[in-house]
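Undergrad: Below are the structure tokens for one structure; questions will follow.
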Amino acid sequence: MKTDKDGLYDAHVHLQAYPKAILGSVMRRSRSAGVVRFKCCGTSPDDWDEVLRISNTEEGVEPSIGLHPWFVDEVGDDNWFEKLEEKLEENSEAGIGEIGLDSTRGNLKGQKEAFLRQFELAIKLKRHVSIHCVKAFGALTNYLKSVADELPEVLIHAPSMSLETWRELEPLGVMITIGPRVLHTASLKVSQLAMEVDPDRVLYESDSPYTCVHKCSVAAVGGFNSPETLPLVMAEVARLRKVKDNIVAVPPQ
Ligand SMILES: [Zn+2]
């Protein structure tokens, strides 16, 4: 699902968030950089149609739609859930995402309700799920454990979690993505995950046009981050793993 001879997979992007005028150029530049598959995640009913449209018109774009935790409080549409269910039934390839929990922003109680409804739908329709989780890993881990027997494919997007938390999630078979934060020397937890998590459980993402850390701003596409930065992220993870492998354990005296 990640790197194969056919090209690289960007496991979390928001192509719908680019100004329409530059999307064509973003796609061309990304493909020239070797990125040929994209998991494009929606965030609210306002962008689901655009995510589905891009996935129908651009080659290699796989859609996911869902209500992001940041937008739970402000979703204007009372029927958002019914609409989501309808669109998922019409689009059998679509996953559910980006959904999740973020205790640093908004009301966690409302977020939990929205997350559980969407996750139960993913179980019912057997769809993969892209999860956003910030400082709510206890609640997320407990929930995922409670549905361990029926868990769909789960991808936790660019988590900043401790290795202890990962060790709890690992037996559930979930995967994580590593994104541009690994290029940021201050992201120790992310670097540690990059070094310690079994590579078979890791995919890579650009999260573009967001997560625009200094090395990911592409002047040619208006200074936004772009999937073309994915090889930088992957190279940094490879470097970190190598550093770790070269640490020689010193026997106790
Ligand atoms: Zn995202």
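None of the figures in this text is laboratory data; all of them are computed from the coordinates on show. This one's a predicted model, so the numbers in the text were calculated from it and none came from an experiment. All Cβ positions, glycine included, derive from the backbone under ideal geometry; neighbour counts span all protein chains shown.
Undergrad: Cβ under 13 Å from E50's Cβ, E50 left aside: what net charge do those residues give with Lys, Arg +1 and Asp, Glu -1?
TA: -1
Undergrad: Quick check on the exposure proxy: order I22, I176 from fewest to most C-beta atoms within 10 angstrom.
TA: Fewest-to-most Cβ neighbours within 10 Å comes out as I22, I176.
Undergrad: Using the beta-carbon distance between E82 and K126 and R0 = 25 Å, what value does 1/(1 + (r/R0)^6) give for FRET efficiency, to the nearest 0.05?
TA: The pair E82/K126 has a calculated efficiency of 0.80.
Undergrad: Once the piece of chain linking N142 and T57 is laid out straight, how much longer is it, given 0.36 nm per residue of separation minus the C-alpha distance between them?
TA: 26.7 nm
Undergrad: Can you give me the long-range amide H partners of I96? Hydrogens built in the peptide plane at 1.01 Å from N, cutoff under 5 Å, separation of 5 or more residues or another chain.
TA: Distant-sequence amide H within range of I96: I65, H128, V129, S130.
Undergrad: Quick one: grab Rg to one decimal and Dmax as a whole number for the range 70-183, Cα atoms only, in Å.
TA: Taking only Cα atoms of the range 70-183, I get Rg and Dmax of 14.0, 40 Å.
Undergrad: Still on this model: Looking at the calculated P(r) for the range 156-253, what percent of the C-alpha pair distances fall above 22 Å?
TA: Summing the P(r) of the range 156-253 above 22 Å gives 33 percent of all pairs.
Undergrad: Report, for the chain, the % of DSSP beta bridges that are antiparallel, rounded to 5.
TA: Of the beta bridges lying entirely in the chain, close to 10 percent run antiparallel.
Undergrad: When only alpha-carbon atoms are used, what values of Rg and Dmax, in angstrom, describe the chain?
TA: Looking at the chain, its Cα Rg and Dmax stand at 18.1, 67 Å.
Undergrad: Shifting gears a bit: Quick one: net charge of V197's neighbours, Cβ under 12 Å, K/R +1, D/E -1?
TA: Computed value for this residue: +1.
Undergrad: Rounded to the nearest 0.05, what FRET efficiency do E113 and M195 have when you use their Cβ-Cβ distance and R0 = 30 Å?
TA: 0.25
Undergrad: Highest GNM mean-square fluctuation, the chain, Cα pairs closer than 10 Å: which of V35, V213, V233?
TA: Among V35, V213, V233, the largest GNM mean-square fluctuation belongs to V213.
Undergrad: Could you work out the local net charge near A235, counting Lys and Arg as +1, Asp and Glu as -1, over the other residues with Cβ closer than 12 Å to its Cβ?
TA: +3
Undergrad: What pairs in K20/K126; K145/K242; K124/K145; K39/K126 have C-alpha atoms more than 23 Å from each other?
TA: K20/K126; K145/K242
Undergrad: Enumerate the calculated ³J(HN,Hα) couplings along the range 212-223 in order (Karplus 6.51 cos²θ - 1.76 cosθ + 1.60, θ = phi - 60°), each rounded to whole Hz, writing x wherever the residue is Gly or Pro.
TA: 8, 5, 3, 7, 9, 7, 9, 4, 5, 10, x, x
Undergrad: For Cα pairs less than 8 Å apart in space and 6+ apart in sequence, what is the mean separation divided by the residue count of the chain, i.e. the relative contact order in percent?
TA: Here the relative contact order equals 18 percent.
Undergrad: Could you calculate the contour length gain from I22 to D46, that is, 0.36 nm times the residue separation minus the distance between their Cα atoms, to one decimal place in nm?
TA: Length gained, I22 through D46: 6.7 nm.
Undergrad: Divide by every residue of the chain the summed helix terms, -39500 (n - 2.57) for each DSSP H run of at least 4, and state the resulting mean residue ellipticity at 222 nm, rounded to the nearest 500 deg cm²/dmol.
TA: Computed ellipticity for the chain at 222 nm equals -12000 deg cm²/dmol.
Undergrad: Among A17, A94, A158, determine the one that fluctuates most according to a GNM of the chain built with springs between C-alpha atoms less than 10 Å apart.
TA: In this elastic network of the chain, the residue with the biggest mean-square fluctuation among A17, A94, A158 is A17.
Undergrad: Among A235, A194, A114, whose mean-square fluctuation peaks in a Gaussian network model of the chain (Cα, cutoff 10 Å)?
TA: It is A235.
Undergrad: Here is a follow-up. For a footprinting-style exposure proxy, rank T177, T211, T185 by other Cβ within 10 Å, fewest first.
TA: By the 10 Å Cβ count, ascending, the order reads T185, T211, T177.
Undergrad: Sorted from fewest to most neighbouring beta carbons within 10 Å, what does the list C41, C212, C133 look like?
TA: C212, C133, C41
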